[in-house]
Each structure stands twice: as structure tokens, then as C-alpha cells.
Amino acid sequence: MLKTLLDGAVMMAFLACALFFLHFYRQSKDRLFALFSLAFTLMGLHNVLSTVLGPDLDTERIHYLYVVRLVAYLLILGAIWDKNRAGRVSR
């Protein structure tokens with residue numbers, strides 16, 4: 001019961017971060033903020049999936065849930081790379 005409550009609190013924190021970055025995206029139209037918002041939404045989705053589906057999955061299939069989190073981290077890395085690459089001026 002306590003684990004479910006803490007998972008819900010962490011999910012709420014991820015979604016609050018997603019809304020925070022979405023707010024800045026709407027103000028600045030910067031793609032970095034949109035990708036960060038999507039990444040935090042995916043991390044919140046991972047938390048929901050691990051709470052709902054995690055106990056029913058066996059040990060051979062539980063690692064498939066972490067693909068969602070891997071995609072979220074790759075989105076963050078790609079957003080940072082894209083932001084740094086966009087700042088360069090080609091000569």
C-alpha cells in the first residue's frame with residue numbers, strides 16, 4: 001500500500017515537471033522544452049505501467065517496462081544534442 005502511494009507521488013511529480021516544461025514551450029516555442037515535457041510524461045507513464053502491470057509480470061518480461069524509460073532518457077539526450085547543434089553556425 002505504501003509503495004503504491006509513493007509510486008503515485010512520483011508519477012505526480014513527473015507529470016508536474018512535464019507541465020512545467022510544456023508551459024515554457026508554449027512561451028518560447030523552443031523544441032528543447034517540448035522534448036523534455038514528452039520525456040517526463042513518458043517517465044510518468046513508466047511509473048503507472050510498473051505499478052499496474054509490474055506485479056503481474058514474471059522476471060523474464062519485467063525488463064520490457066524499462067524500454068519506456070530508456071526512450072525517455074534518449075529523448076532528453078537527443079534534445080540536448082539538438083539544442084547544442086542548433087547553436088552552431090556553419091561556415
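The values are calculated or read from the model by the stated rules, or taken from the named source; none is laboratory data. What you are looking at is a predicted structure, and each value in this text was computed from that prediction instead of being measured. Here Cβ is always computed from backbone atoms with ideal geometry, including for glycine, and neighbour counts include all displayed protein chains.
Got a sec? Which of S37, S50 is among the polar types (S, T, N, Q), closer than 30 Å to L2 by Cβ and modelled with pLDDT of 95 or more? Full working, then the answer.
Values: S50 fails: modelled with pLDDT of 95 or more.
None of the others qualify; the one that does is S37.
State the number of residues belonging to region 53-68 that are modelled with pLDDT of 90 or more and surrounded by 12 or more Cβ atoms within 10 Å (Cβ to Cβ).
First pass over region 53-68, keeping only residues modelled with pLDDT of 90 or more: 67-68.
With the extra rule that they be surrounded by 12 or more Cβ atoms within 10 Å (Cβ to Cβ), the set shrinks to 68.
Adding up the residues that qualify gives 1.
Limited to region 50-74, what total is found for residues that are in contact with a helix residue (DSSP H, G or I) (Cβ under 7 Å, 6 or more places away or on another chain) and within 18 Å of A16 (Cα to Cα)?
2
Suppose the filter is in contact (Cβ under 8 Å) with a residue 12 or more places away in the chain and farther than 30 Å from M1 by Cβ; does L75 pass it?
Values: in contact (Cβ under 8 Å) with a residue 12 or more places away in the chain: yes; farther than 30 Å from M1 by Cβ: yes.
Considered against the rule, which asks whether it is in contact (Cβ under 8 Å) with a residue 12 or more places away in the chain and farther than 30 Å from M1 by Cβ, L75 comes out as yes.
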